[in-house]
Amino acid sequence: ASNGRKVPALTIFTYALQYFKEHALRELSDQSGTRFVNEDVRWVITVPAIWKQSAKQFMREAAYQAGIASREFPEQLLIALEPEAASIYIRKLRMHQFVPDEIPPFSRNSIKREHGTLSSSLSNQSSPIFFDSDKLSTEQSEYHPNTQSFEVVLDSGTRYIVVDCGGGTVDMTVHELDTKMGTLKELYKATGGPYGSVGVDQEFEKLMSAIFGKELIEEFKLKRPAGYVDLMIAFEARKRTASPFKNNPLNISLPFSFIDFYKKKKGSTVESAIRRFNDPDIKWSTQGMMRLTPDAMKRLFHHTVERIKSAIGDVLNSPDVKGIQYLFLVGGFAESPILQYEIRRAFSSILKVIIPQDVSLTILKGAVLFGLDPTIVNVRRSRLTYGVSVLNRFVADYHLIEKKIVKDDIEWCADIFDKFVLVDQSIGLGDIVIRKYTPARHNQAQCIISFYCSESDKPIYVTDPGVRKIGTLVLDMFQDGYSMNTSTISKDRPRREIQTRMVFGDTEIKVSALDVTTGKCVRATIDFLNK
């Protein structure tokens with residue numbers, strides 16, 4: 001909490017999901033006049049595409065504790081990736097025109113540009129024309145930000161990038177449309193980083209610390225957490241309306257609790273502190289508010305926006321993603337006119353930048369479509385290399401000598417990373433990788449299979465740098481006459497065979513292990529939380 005108190009994250013997430021569940025069921029029941037219960041619903045929770053498997057499992061665990069689905073019925077809950085959900089929704093809009101809410105102030109056949117007039121007969125155009133708001137005169141853009149009129153034509157083979165800008169993260173995915181199958185193929189592994197709108201909040205906090213003192217702001221957060229939340233809400237209201245086309249200053253109402261706290265601690269007013277800071281772009285208004293010029297507000301956005309542009313540039317410069325025609329900007333932060341303007345300015349010369357009208361609801365609506373048909377994205381790229389730790393026969397000239405172990409008079413090499421799928425490998429929905437292993441010793445009581453991942457496809461051993469253990473599966477070998485009593489075991493008897501299956505291509509990884517001799521199967525998603 002802002003006052004430093006710690007509560008387990010799982011508890012907080014559970015409360016939030018429980019509230020949403022109860023609220024949704026109540027709304028459904030009220031609207032329809034029929035009582036809906038949890039079992040009537042397939043739930044979809046959206047997560048950033050860059051989240052690792054452990055974070056997805058964490059969300060599933062919180063959902064189970066909130067009474068959404070259960071371990072007995074895990075398929076009642078789907079985990080959807082946010083930019084994927086947006087992509088699914090956008091694809092459904094492909095036959096629609098992005099039409100303005102009101103008639104533009106200019107005629108349909110001539111658009112007044114800053115550099116003269118461009119005329120065209122839209123009815124005779126074979127390909128769509130895009131009118132980007134950053135190319136309109138600033139006067140028109142200020143009053144009519146949504147007056148572009150164009151049609152998005154998504155044919156088979158069309159490639160586009162979806163940039164999902166949320167509060168905490170920005171993540172991107174590149175898709176190719178297959179209209180014959182009605183499916184989407186991921187061309188580039190989901191990527192992004194912590195460049196969400198909270199970065200702008202952090203810049204504002206730094207500014208407040210510079211004006212009023214870092215120690216005072218930290219103490220205010222600790223002693224008056226509710227007041228600090230009020231302060232950030234006041235800033236949030238101005239952050240959302242900040243536009244590159246407006247010249248009027250932005251007034252931020254500092255809560256009374258902050259003004260009072262500052263006066264008691266420092267013995268002077270917040271007005272005098274702002275005056276001492278001596279920045280011409282930051283003043284104290286006669287209405288008793290902190291007044292920022294548009295330039296001061298733009299500076300708060302600058303660092304976060306530059307990181308977003310850099311991340312998009314990295315994807316577009318990748319040799320794997322040539323021929324991208326569209327950039328779809330979605331997510332809550334994408335409502336910001338400053339972000340919209342900067343993305344258009346940076347990338348409109350190389351592709352068509354499109355912002356759906358209901359930009360912040362795009363992911364929500366796409367998640368509903370995903371819930372109706374989870375097979376809609378049928379090819380994904382693996383974010384990591386996945387595999388298991390195994391023993392191989394020791395080869396003197398190839399394996400490291402320190403990896404050599406001896407079991408039943410046989411020399412083995414330990415810690416071999418047997419890879420199931422490589423980083424950035426293209427995986428079809430439901431692709432299954434099967435491996436067969438035999439226990440190293442005849443009298444093994446348990447077979448423990450350890451799963452590992454790496455951001456590289458190079459590692460040979462699970463002890464190599466960058467390789468992480470992500471979970472285990474335990475297969476009990478005592479069963480059906482195989483009590484493993486060493487006195488009854490003949491070395492001539494064929495070794496037991498363990499078959500592992502990893503199912504990829506979904507938003508979560510599913511794993512099972514089968515003891516071929518007894519037919520005993522252990523099915524599980526890897527326990528990513530308790531490694």
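The values are calculated or read from the model by the stated rules, or taken from the named source; none is laboratory data. From a predicted model like this one, the values you see are computed outputs, not experimental measurements. Heads up, the Cβs are rebuilt from the backbone with ideal geometry, glycines too, and the neighbour counts pull from every protein chain shown. For accessibility, only protein heavy atoms count, side chains too; no ligands or nucleic acids. Shrake-Rupley method; radii C 1.70, N 1.55, O 1.52, S 1.80 Å.
Let me spell it out: the conditions are (1) touching a Phe, Trp or Tyr at 6+ places or on another chain (Cβ under 9 Å); (2) modelled with pLDDT of 95 or more, and HIS302 meets all of them except one. Which number is the exception?
All conditions are met except number (1).
Scan the stretch 439-449 for residues that are more than 17 Å from PHE420 (Cα to Cα) and crowded, with 16+ Cβ neighbours inside 10 Å and jot them down.
Within the stretch 439-449, PRO439, ALA440, HIS442, GLN444, CYS447 qualify.
From the set of residues in the stretch 357-410 that are of a type in the set (Phe, Trp, Tyr) and not in a helix (DSSP H, G or I), which is nearest to the chain's Cα centre (by Cα)?
Of everything passing the filter in the stretch 357-410, TYR386 is nearest to the chain's Cα centre (by Cα).
State whether one or more residues within the stretch 398-419 are surrounded by 15 or more Cβ atoms within 10 Å (Cβ to Cβ) and closer than 30 Å to THR183 by Cβ.
yes
I'd like the full set of residues that are at pLDDT 70 or above, open to solvent by 50 Å² or more (accessible area, probe 1.4 Å) and closer than 15 Å to ARG71 by Cβ, limited to the stretch 498-531.
Result: LYS510, single match.
Listed here are the residues, each with its yes/no results for (1) under 25 Å from TYR188 (Cα atoms); (2) touching a Ser or Thr at 6+ places or on another chain (Cβ under 6 Å).
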site	(1), (2)
LYS404	no, no
ALA414	no, no
ASN443	no, yes
SER454	yes, yes
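Restricting to the stretch 66-95, name every residue that is over 24 Å from MET172 (Cα atoms), not polar (S, T, N, Q) and not in a helix (DSSP H, G or I).
Result: ALA66, GLY67, ILE68, ALA69, ARG71, GLU72, PHE73.
What pairs come out if I take residues in the stretch 499-518 that are more than 29 Å from GLU84 (Cβ to Cβ) and hydroxyl-bearing (Ser, Thr, Tyr) and pair them with residues that are in a strand (DSSP E or B) and open to solvent by 20 Å² or more (accessible area, probe 1.4 Å) whose C-beta lies under 7 Å away, six or more apart or interchain?
Listed pairs, sorted by first residue: THR517/TYR482; THR518/GLN479; THR518/TYR482.
Which condition from (1) touching a residue at least 24 places away in the same chain (Cβ under 8 Å); (2) open to solvent by 40 Å² or more (accessible area, probe 1.4 Å); (3) part of a helix (DSSP H, G or I); (4) farther than 30 Å from LEU316 by Cα is the one that ARG240 breaks?
Of the numbered conditions (1) touching a residue at least 24 places away in the same chain (Cβ under 8 Å); (2) open to solvent by 40 Å² or more (accessible area, probe 1.4 Å); (3) part of a helix (DSSP H, G or I); (4) farther than 30 Å from LEU316 by Cα, the odd one out for ARG240 is (4).
Counting only residues that are of a type in the set (S, T, N, Q) and over 20 Å from VAL359 (Cα atoms), which one in the stretch 155-170 is farthest from the chain's Cα centre (by Cα)?
SER156
Answer yes or no as to whether PHE220 is aromatic (Phe, Trp, Tyr), more than 26 Å from SER336 (Cα to Cα), outside any strand (DSSP E or B) and open to solvent by less than 30 Å² (accessible area, probe 1.4 Å).
Spelling it out, PHE220 is indeed aromatic (Phe, Trp, Tyr), more than 26 Å from SER336 (Cα to Cα), outside any strand (DSSP E or B) and open to solvent by less than 30 Å² (accessible area, probe 1.4 Å).
Can you name the condition, by its number, that ASN251 falls short on among (1) buried (at least 19 other Cβ atoms within 10 Å of the Cβ); (2) in a strand (DSSP E or B)?
Every listed condition holds for ASN251 apart from (1).
Taking interchain pairs and intrachain pairs at least six residues apart, which have beta carbon atoms under 6 angstrom, with the first residue in the stretch 334-350 and under 20 Å from GLY199 (Cβ atoms) and of a type in the set (Val, Ile, Thr) and the second open to solvent by less than 40 Å² (accessible area, probe 1.4 Å) and at pLDDT 95 or above?
Close Cβ pairs (under 6 Å, with a partner that is open to solvent by less than 40 Å² (accessible area, probe 1.4 Å) and at pLDDT 95 or above) amount to ILE338/PHE301.
Select from the stretch 411-431 the residues that are part of a strand (DSSP E or B) and at pLDDT below 85 and list them in ascending order.
Scanning the stretch 411-431 gives SER426, ILE427, GLY428.
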